[in-house]
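What follows is one structure encoded as structure tokens, with my remarks underneath.
The values are calculated or read from the model by the stated rules, or taken from the named source; none is laboratory data. This one's a predicted model, so the numbers in the text were calculated from it and none came from an experiment. Using ideal geometry, Cβ is built from the backbone for each residue, glycine included, and neighbour counts are taken over all protein chains shown.
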Amino acid sequence: MLGVGNKFPNFALQSCDADNNLGKIMFENESCKDKWHVFYFYPKDFTFICPTEIKEMDRLVDYQVPPGVHVVGFSGDNEFCKKAWKESNGLIKDIRHPLVADTGLTLSEKLGIVDWSEGVCRRATFIVDPTNTIQHASENALDTGRNVSEVIRTLKALQSGGLTACNWQVGDDFVA
């Protein structure tokens with residue numbers, strides 16, 4: 001699995017945006033400067049754990065303190081599947097971030113997060129800084145959802161520019 005200090009790979013993949021429009025989302029070194037990114041991967045559309053995480057990951061959209069954050073969810077299912085799932089699932093119907101089709105698991109393979117025995121990407125989270133460098137990488141078992149509050153806390157700590165202790169929150173002192 002790619003980890004802290006590695007560059008996040010460029011990609012151009014089909015997606016379903018917040019308004020359920022199908023299109024393409026691109027991530028390239030020059031096009032994504034000046035933003036932090038939270039890229040999260042989940043195994044499959046039309047499942048039970050995944051929509052609970054997707055709904056909670058949408059909380060990151062509210063965290064727009066400069067330089068802001070770009071939130072994107074990925075799975076190996078195609079963009080038509082994502083659109084149909086959003087239209088039929090009340091938990092994710094109104095999310096404000098795109099879901100991206102890593103059809104063929106090409107990006108997931110570059111990241112080292114494919115569970116080939118199940119044929120899906122693993123439940124992974126990457127926080128990427130404005131230089132496209134991975135500053136946080138984590139992975140959960142396929143049957144275990146993430147703690148999105150901790151993803152938010154970690155993002156805020158990384159953006160703070162100081163030494164942050166365990167359980168650090170915005171407003172806390174930095175470690176001296």
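Considering only residues of segment 96-123 that are part of a helix (DSSP H, G or I) and β-branched (Val, Ile, Thr), which is farthest from ASP19 (Cα to Cα)? Before you say what the answer is, go through the steps one by one.
If we filter segment 96-123 for residues that are part of a helix (DSSP H, G or I), which is where we start, we get 103-111.
If we keep only those that are β-branched (Val, Ile, Thr) as well, we get 103, 106.
Values: THR103: 21, THR106: 26 Å.
Filtering first and then ranking leaves THR106.
In segment 59-76 there is at least one residue matching the filter, namely being in a helix (DSSP H, G or I), of a type outside the set (S, T, N, Q), touching a Lys or Arg at 6+ places or on another chain (Cβ under 8 Å) and modelled with pLDDT under 95. Only one of these conditions is not met by GLY23: (1) in contact with a Lys or Arg (Cβ under 8 Å, 6 or more places away or on another chain); (2) in a strand (DSSP E or B); (3) at pLDDT 95 or above. Which number is it? (1) is the only condition that GLY23 fails. Criterion first (within 14 Å of the chain's Cα centre (by Cα) and either buried (at least 21 other Cβ atoms within 10 Å of the Cβ) or not in a strand (DSSP E or B) (or both)) does GLU56 satisfy it? Yes. Residues in segment 115-139 that are in contact with a strand residue (DSSP E or B) (Cβ under 9 Å, 6 or more places away or on another chain), more than 12 Å from PRO9 (Cα to Cα) and either charged (D, E, K, R) or crowded, with 21+ Cβ neighbours inside 10 Å (or both): ASP115, VAL120, CYS121, ARG122, ARG123, ALA124, THR125, ILE127, ASP129, ALA137, GLU139.
Mind listing whichever residues of segment 130-167 are over 19 Å from THR47 (Cβ atoms), of a type outside the set (Gly, Ala, Ser) and more than 17 Å from the chain's Cα centre (by Cα)?
Residues satisfying the conditions are LEU163, THR164, CYS166, ASN167.
Scanning segment 112-140 for residues that are closer than 23 Å to CYS81 by Cα and not β-branched (Val, Ile, Thr) returns ASP115, TRP116, SER117, GLU118, GLY119, CYS121, ARG122, ARG123, ALA124.
Just give me the residues in segment 140-176 being among the hydroxyl-bearing types (Ser, Thr, Tyr) and surrounded by fewer than 18 Cβ atoms within 10 Å (Cβ to Cβ), in sequence order. Please lay out each step first, then the result.
Looking only at segment 140-176, we keep the residues that are among the hydroxyl-bearing types (Ser, Thr, Tyr), and these are 144, 149, 154, 160, 164.
Those that are among the hydroxyl-bearing types (Ser, Thr, Tyr) and surrounded by fewer than 18 Cβ atoms within 10 Å (Cβ to Cβ): THR144, SER149, SER160.
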